[in-house]
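Just below is one structure, and these are the notes that go with it.
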Amino acid sequence: MLAYLVGGKVVNEDVLTRFYVLHLLIIPGLFMGFLYLTFATLRRVGLSPLAASAPQAPTTRYREHLLSMMVLSVLAFGVLVTLAVLAPLPFQNQADAYQTPPGVQPPWYMLAPYAMIERLPGPRWIKGAGLSVASLAVLLLPFAARGDETPAARRRFRLWGVVAIALWVALAVFGAVLDRSR
């Protein structure tokens, strides 16, 4: 069983699983629930109508919003610094970004990058930069297709999308094979 000592407390697989579930299910579920409550309340109560005879309140300006956000940010930063000073977390061993702790395996959605980083030749930072550039290219691909709406251009972009997905699936399968061979 894999366990680490962090801040005098044992962090094992059960703790990591609980936080994983918390961050992937509970917090987004609460967020969606609160969004539903907000919109349901707005639908039920309705927006307040503007009275034609009543004097209108002055509208807030960008400067006022910016000042409010700056004050809020400074207060939040002050609270975090105060908590860090009053209850500091002791440092353990220095972390190595290029060394995976023993027993840690990549999740299924990270198998393709794992395969690229583990098996391609060259320094890891170059492979990481390549992954970043590839991710950015995939994210910006819809913006490249905006100006050209011809059927040939659509087919070309669909082909590039199918090639990118096929490459990702092939790398994920290769990463799964690598992971099982370890």
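No lab work stands behind these numbers, since they all come straight from the coordinates. Computed from a prediction, not measured in an experiment: that's the story for all the values here. Reconstructed Cβ throughout: ideal geometry from the backbone, glycine too, with neighbour counts over all protein chains shown.
Overview of values
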| read-out | value |
| --- | --- |
| Leading residue at positive end of dipole, region 108-181 (Cβ point charges), from 128, 111, 152 | 152 |
| Mean shadow area of region 108-181 over all directions, Cα convex hull, nm² | 5.5 |
| Inter-probe distance in nm under a simple model that places probes 7 Å from Cα toward Cβ, at residue 81 and residue 158 | 5.7 |
| Table column - 3J(HN,Hα) (Hz), region 101-107, Karplus curve with 6.51, -1.76, 1.60, x for Gly and Pro | x, x, x, 8, 10, x, x |
| Region 70-128 - Rg (one decimal) and Dmax (whole number), Cα, Å | 18.8, 49 |
| Most to least packed among 29-37, 112-120 [average Cβ atoms within 10 Å] | 112-120, 29-37 |
| D (Stokes-Einstein, µm²/s), Kirkwood Cα radius, region 13-135, 0.890 mPa s at 25 °C | 115 |
| J(HN,Hα) series, region 152-160, from Karplus relation 6.51 cos²θ - 1.76 cosθ + 1.60, nearest Hz, glycine and proline x | 5, 5, 4, 4, 4, 5, 5, 4, 4 |
| Backbone N under 17 Å from the residue 176 label point (7 Å along Cα→Cβ), restricted to region 73-112 | 105-112 |
| Length added when fully stretched, residue 21-residue 120, from 0.36 nm per residue minus Cα-Cα | 32.4 nm |
| Residue 63-residue 11 pseudo-label distance in nm [points 7 Å out on the Cα-to-Cβ vector] | 4.6 |
| Spin-label pair residue 134/residue 40, simplified geometry with 7 Å Cα→Cβ offset, distance in nm | 4.4 |
| Cβ crowding within 10 Å averaged over residues, with 100-109, 39-48 ranked highest first | 100-109, 39-48 |
| Under Karplus coefficients 6.51, -1.76 and 1.60, residue-wise ³J(HN,Hα) of region 68-85 in Hz, glycine/proline x | 4, 5, 5, 4, 4, 5, 5, 5, 5, 5, x, 5, 5, 5, 4, 5, 5, 7 |
